[in-house]
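Below is one structure, written out as structure tokens, with a few remarks after it.
The values are calculated or read from the model by the stated rules, or taken from the named source; none is laboratory data. Since this is a predicted model, take the numbers as computed values, not measurements. Note that we place each Cβ from the backbone using ideal geometry, even for glycine, and neighbour counts take in every protein chain shown. To get the accessible areas, we keep the full protein, side chains included, count just its heavy atoms, and leave off ligands, DNA and RNA. Shrake-Rupley method; radii C 1.70, N 1.55, O 1.52, S 1.80 Å.
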Amino acid sequence: ITRNMLKINDETVMKTKILNKIGIVSAVFAALSLTSCKDSFLEVEPGTKTTLEEYFASDAHLYESVVASYQPMRLFDWNGASYNPLNICSEVMADNFWAGGADLNDYSYWHHMEDYKADPLHTLDGIWKQCYIGVKNSNDVLTYINNLGNKLDASKKSLFTAEAKVLRDFYYCQLWKFYGYIPVYMENLRAPYTCPQYSPDSVYNKVITDLESAISLNALPMQWDDANLGRISQATAYMLYAEMVMYQNDDTRYARALQYMQEIINSGKYELNPNYANIWTSNGEWSKESILEINYTDGPNGKRAYDGGVGNVGGTWLPRIISPEGGVSADGVDNGWGAAPVRVEAYNKFKTGDVRRDATCYRPAAGSYKPRYEDTGLWLNKYIARSANLQNIAGATDANYNNNLRIYRYAETLLNAAELLVRTGGSLADAQQYLNMVHHRAGLTDNRAANIDNIINERDLEFMGEGKRYWDLVRTGKAATTLVPDANGFRKNTWSPNRKYVPIPQSEIDAAQGGLVQHNY
């Protein structure tokens, strides 16, 4: 949601909340039943005769529907039921972070995922729920556009269509990566609310084709102006495309993905932030390096209640979740809940002089905080709970940090291009240039040979804590040899292909009444 979108008034929020409730309860089945209800109870006179189709017949109201499509991605961190920040949910399955918290019962699903023993009762449910709400809301936008026909300006029709499709594909991408075998529908379901459950390859084919259709509209700007930061851009669509194609190892689409990366590079709209540490400050939000961030604010318009009142969303919980208990007042670090400590092995991956080490890993003085489970003395500095990110809110503070979540950065564009050049037999000189641009920005002066191993290692250091590592290890075939038991005994199991996906939540299996099958193990 853009900074302007954050300013939507309470009336608009209520309308979008009401619309959200129209959605299906689960991805494939929702049964509605009324018992012991008198007819008179059901005969309610609506406050207005306006239908949904009539209400969304104007540009302004259609824009409200677009806003509703962004809303779910801001609730991954806490959606009123569970904590599911995209980056941490990915990182606990890789080799740089532990699940942490108070004990094995704190964030128990992360501990199960960390040890590759997740089950339907200890798995991610927030990502599943938020993504399908996002799919539903995006489909609504497309439905209203179709209902408007020629009443909608052609350019705005193309813009909103592309925006809604890319948003929908973004949600499906998360579902595809985490769960694999999922229902996919491009129109919202009607009674009896059933939908086939597709294999991961079929999901990929459906979503990547839809994404190609959105890109081909050429309706999105390569970069939005300051008033619309946070909206889906053409560069965002390109990055999502490259992410999916590279994760699928779809060599038939490598050339197109490379073309898209080079379009971003040649556009001149983006560049590396010369100061890596600055990226993670408030001043570094939406720098020239930013392609997509999920916006959060600690201002009055973003007041968010501690009790999980998700209809009044502004700030993020993430810094509180991943910071040391008790905080470190001398460093301006607030109290945290001790989740996702950085592994010592991850800290030691950085070479001397690599500025990314201290920008990524926060090491407080010994005895300055209360150690919790799996404590390493290291924390994710990129999103640490700093009082500087919580200045404009009164009352409850846990959920109101203003740290934007970085989803795509220009550094990833460069490393994607370098890897795709190598994989397609393109210019190794260009690949090395792109790789070295990222490597040298980190304060390192040596030149890295442009090969797959060096590029993947650079991605590890560049994006540590941003939720990229697990997927890189899986797609490159390195997971089975890298994700192995540790000396501390926190991870006892070795990753295997049948643990590539996390299980679908049991609540969704039950709600589907036979419409969903667990394929993960």
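Overview of results
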{"read-out": "For Y55, solvent-accessible area (1.4 Å; no DNA, RNA or ligand), Å²", "value": "40 Å²"}
{"read-out": "The chain, relative contact order [Cα under 8 Å, separation at least 6], %", "value": "20 percent"}
{"read-out": "DSSP-assigned coil residues among chymotrypsin sites (Phe, Trp or Tyr not before Pro) in the range 209-264, each with at most 13 further Cβ atoms within 10 Å", "value": "none"}
{"read-out": "Top positive-direction residue, dipole computed over the range 358-442 with Cβ charges, set A359, Y410, L421", "value": "A359"}
{"read-out": "Where the Cα pairs of the chain fall when distances are cut into 20 Å bins, in %", "value": "22, 59, 18, 1"}
{"read-out": "Debye, to nearest 20: dipole size of the chain, +1 on Lys, Arg Cβ, -1 on Asp, Glu Cβ", "value": "240 debye"}
{"read-out": "Net charge over other residues, Cβ less than 11 angstrom from the Cβ of G134 (K, R count +1; D, E count -1)", "value": "+2"}
{"read-out": "Most positive-pole-ward Cα, L390, N400, V333, against dipole of the range 307-439 from beta carbon charges", "value": "V333"}
{"read-out": "Positive minus negative residues near A479 (Lys, Arg vs Asp, Glu; Cβ under 11 Å)", "value": "+3"}
{"read-out": "Where GluC sites (Glu not before Pro) in DSSP loops with at most 11 other Cβ within 10 Å are excluded, longest remaining stretch of the chain", "value": "188-521"}
{"read-out": "Those trypsin sites (Lys or Arg not before Pro) in the range 227-269 that DSSP places in a loop and that have at most 10 other beta carbons within 10 Å", "value": "none"}
{"read-out": "S427 accessible area, 1.4 Å probe, all protein chains in place, Å² to nearest 10", "value": "50 Å²"}
{"read-out": "Probe 1.4 Å - accessible area at K288, Å² to nearest ten", "value": "100 Å²"}
{"read-out": "Accessible heavy-atom area order of H111, H519, highest first, probe of 1.4 Å", "value": "H519, H111"}
{"read-out": "Listed residue (A102, N84, M113) projecting farthest to the positive dipole end of the range 74-138, Cβ model", "value": "N84"}
